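Student: Questions regarding the structure given below will be posed in turn.
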C-alpha cells in the first residue's frame, strides 16, 4: 500500500508557498561532491531523532548522479538529503514521518519527500505536489528527504514551532489508543 496523505496534511501542504527546489548542481565526477553533510541537513537529522524515538539510522552522504544518464548530482552528493531508515517495510512509522515532514516543510526547508512509492515536492502547483514515485527504489525501507540550499527557519532557530507528529495508519500509537478505548468500554459495560 502506497503512502497516504491524510486530508489535514494535504490541506496544510497545499497552502505552502515559497519553498524552492534547489538542485544538487552539475555532476562532474565523484571527486566534486560535498565534503560532508550540510549543517542544516544534519540539524534536520537531529530534530527527526528527537521527534521520532524509533529512528535508529539515518544515511546521508553518498556521491552519486541524480540518475545513470543525468548530468546533475544527487542531493546526497550535495550533502542535502537524508535517508531515514524505518523499522518496518512500508510501515506506519515511515508514513507518520513523511506526513510530518510535509506538514513542516516551510519551517524545515524541506523541498522533497519520497516514501513508499510516492513523492511530495514543495515547489510544484498544489494539485501536482503529491503523486506516484517510479524511481528504481520504491523507498519502502526509508524516507528520503531533501532540504533547500538555504536552511528553513526551524533549522536555525529552535523556538520556531513545528507541528507534532501524527500517528500513521495503523501505527502502534494509534492502535494502543484504540486498545485502551476498547478496554474502557468493556469496564463501563461490566459495571452496568
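Student: Which one of these is modelled with pLDDT under 95 and touching a helix residue (DSSP H, G or I) at 6+ places or on another chain (Cβ under 8 Å): 40, 4, 62? Explain how you work it out, then say what you get.
Tutor: Working: 40 fails: modelled with pLDDT under 95; 62 fails: touching a helix residue (DSSP H, G or I) at 6+ places or on another chain (Cβ under 8 Å).
Answer to the check: 4.
Student: Would you be able to tell me the number of residues in region 132-155 that are at positive phi and assigned to a strand (DSSP E or B)?
Tutor: First, the residues of region 132-155 that are at positive phi: 139.
Narrowing the set further to residues that are assigned to a strand (DSSP E or B) leaves none.
Adding up the residues that qualify gives 0.
Student: For region 136-151, which positions are without any contact (Cβ under 8 Å) to a residue 40 or more places away in the chain and out of contact with any strand residue (DSSP E or B) (no Cβ under 6 Å at 6 or more places or on another chain)? Explain how you work it out, then say what you get.
Tutor: The first filter runs over region 136-151 and keeps only residues without any contact (Cβ under 8 Å) to a residue 40 or more places away in the chain, leaving 136-139.
Listed by number, the residues that qualify are 136, 137, 138.
Residues checked against (1) touching a strand residue (DSSP E or B) at 6+ places or on another chain (Cβ under 8 Å); (2) assigned to a helix (DSSP H, G or I); (3) loosely packed, with under 11 Cβ neighbours inside 10 Å:
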residue	(1), (2), (3)
2	yes, no, no
5	yes, no, no
11	no, yes, no
17	no, no, yes
29	no, no, yes
34	no, no, no
42	no, yes, no
46	no, yes, no
50	no, yes, yes
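Student: Exactly one of (1) surrounded by fewer than 17 Cβ atoms within 10 Å (Cβ to Cβ); (2) within 14 Å of the chain's Cα centre (by Cα); (3) at pLDDT below 90 is unmet by residue 179. Its number?
Tutor: Here residue 179 meets the rest and fails (2).
The values are calculated or read from the model by the stated rules, or taken from the named source; none is laboratory data. All values reported here derive from a predicted model rather than from experimental measurement. Cβ atoms come from the backbone with ideal geometry, glycine included; neighbour counts cover every protein chain shown.
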